[in-house]
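So the structure is just underneath, and the comments pick up after that.
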Amino acid sequence: MNTVVTGSIAFDYLMSFPGKFTEHFLPEHFSRVSLSFLVDSMDKRRGGCAPNIAYTLALLGERPRLMATAGQDFAEYRRWLEAAGVDTSLVRDVPDKFTASFFCSTDAANNQIASLYTGAMAHAAELSFRSAGHVDLAIISPNDPAAMTQYAEECRTLGVPFIFDPGQQCARMSGDELVDGLTGAAIVIANDYELELLHQKTRLDDGDILERAQALVVTRGEFGSSVIRRDRRVHVPAVPPHRIADPTGVGDAYRGGFMKGVAVGADDDVCARLGSVAATFALEHLGGQSHSYTLGEFKARYEEHFGALKIFGSDH
């Protein structure tokens with residue numbers, strides 16, 4: 001399947017805080033917050049929503065095309081993605097700009113506080129699906145808000161089935177922008193917190209969303225995920241990790257696994273199970289692209305929890 005993945009390309013600066021953020025927030029002072037957290041460690045990793053999703057798709061045997069903007073410091077990252085099986089021909093380098101940077105601190109309870117410097121991502125609206133050629137499936141993941149709504153409009157106009165994944169941009173986008181993004185989507189995907197923001201900003205409940213999109217996928221971390229359509233709903237449990245290293249990129253891995261199921265025409269429950277297994281592999285490693293597995297290893301883990309998996313064929 002010819003799949004295009006849009007979204008941010010970024011370098012992740014991942015930090016760990018040994019306590020719990022929530023212990024330092026004082027409810028009576030929410031109107032004026034001034035906090036600094038002393039972290040124990042920091043790692044720089046390749047990241048960004050779009051490469052994270054594309055990387056999982058590549059691990060699962062697809063050859064996704066990445067459509068995004070990056071900065072003058074992207075050359076080594078581009079080579080690494082190509083070697084991993086991701087087509088970067090649609091990525092545009094923006095001269096005199098640095099690639100977006102994601103600064104994320106994670107506490108002992110896996111709560112996260114993050115900031116994103118946009119850098120070259122601010123130019124994402126200069127790209128267009130009109131120059132991407134034939135596309136069977138696209139995902140619009142967190143990116144420059146103007147680019148996200150533009151891509152959704154282009155997909156509707158061109159008849160490209162698309163997944164709308166507003167993610168962290170639920171906090172930045174207006175209600176009207178979010179409605180524009182989800183209208184006509186094959187799938188709207190969000191975690192439970194992002195969905196609440198989506199409800200508040202758009203004043204749409206799940207039923208209203210499903211009048212505008214074909215399906216709603218809600219992820220709930222350790223509590224699994226649900227795929228909701230107008231006439232049915234399925235719930236899939238999370239796959240228990242062998243260890244927990246870092247939650248950064250776990251949601252992106254879920255999306256990549258889910259999209260693999262969509263690409264091969266799998267049922268909703270199988271798509272969600274693929275997402276669950278992919279997410280757990282990511283959770284066990286630091287960053288969104290430091291894990292790896294063969295199709296055989298992935299299939300074995302799937303079947304350990306969910307039973308027989310036939311989509312990879314008998315030769316894997």
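A few points about this structure:
- Condition check for D136: over 17 Å from the mean Cα position of the chain (by Cα) and more than 28 Å from C271 (Cα to Cα): no
- Some residue of region 14-33 being surrounded by 22 or more Cβ atoms within 10 Å (Cβ to Cβ), in contact (Cβ under 8 Å) with a residue 24 or more places away in the chain and on the phi > 0 side of the Ramachandran plot: no
- Only residues that are within 20 Å of Q112 (Cα to Cα), at pLDDT 90 or above and assigned to a helix (DSSP H, G or I) were counted in region 25-52, giving 3.
- Across region 34-49, the qualifying residues are those that are closer than 30 Å to T88 by Cα and among the hydrophobic types (A, V, I, L, M, F, W, C), and the one among them that is least open to solvent (accessible area, probe 1.4 Å) is C49.
- Across region 184-211, the number of residues qualifying as in contact with a helix residue (DSSP H, G or I) (Cβ under 9 Å, 6 or more places away or on another chain) and either open to solvent by less than 50 Å² (accessible area, probe 1.4 Å) or touching a residue at least 60 places away in the same chain (Cβ under 8 Å) (or both) comes to 18.
- Test: residue in region 278-299 that is open to solvent by 20 Å² or more (accessible area, probe 1.4 Å) and over 19 Å from Y55 (Cβ atoms): no
- Test result for V262, within 22 Å of Y151 (Cβ to Cβ), of a type in the set (V, I, T) and modelled with pLDDT of 95 or more: yes
- Any hit, region 157-172, residues being open to solvent by 10 Å² or more (accessible area, probe 1.4 Å), of a type in the set (D, E) and at pLDDT 95 or above: no
- Only listed residue being under 25 Å from G181 (Cβ atoms), among the aliphatic types (A, V, I, L, M) and buried (at least 17 other Cβ atoms within 10 Å of the Cβ), chosen from A58, A100: A100
- Selection within region 128-142: residues that are out of contact with any strand residue (DSSP E or B) (no Cβ under 6 Å at 6 or more places or on another chain) and more than 15 Å from M1 (Cβ to Cβ). The member of this set that is surrounded by the most Cβ atoms within 10 Å (Cβ to Cβ) is S141.
- Residue under evaluation R243, criteria (1) in contact (Cβ under 8 Å) with a residue 60 or more places away in the chain; (2) more than 22 Å from A138 (Cα to Cα), criterion not met: (1)
For every residue, the table says whether it meets (1) over 19 Å from F162 (Cα atoms); (2) out of contact with any Lys or Arg (no Cβ under 8 Å at 6 or more places or on another chain).
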| site | (1), (2) |
| --- | --- |
| F30 | yes, yes |
| D43 | yes, yes |
| R46 | yes, yes |
| P64 | no, yes |
| A70 | yes, no |
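The values are calculated or read from the model by the stated rules, or taken from the named source; none is laboratory data. Everything quoted here is computed from the prediction, not taken from an experiment. Here Cβ is always computed from backbone atoms with ideal geometry, including for glycine, and neighbour counts include all displayed protein chains. All accessible areas refer to the heavy atoms of the entire protein, side chains included, with ligands and DNA or RNA removed. Shrake-Rupley method; radii C 1.70, N 1.55, O 1.52, S 1.80 Å.
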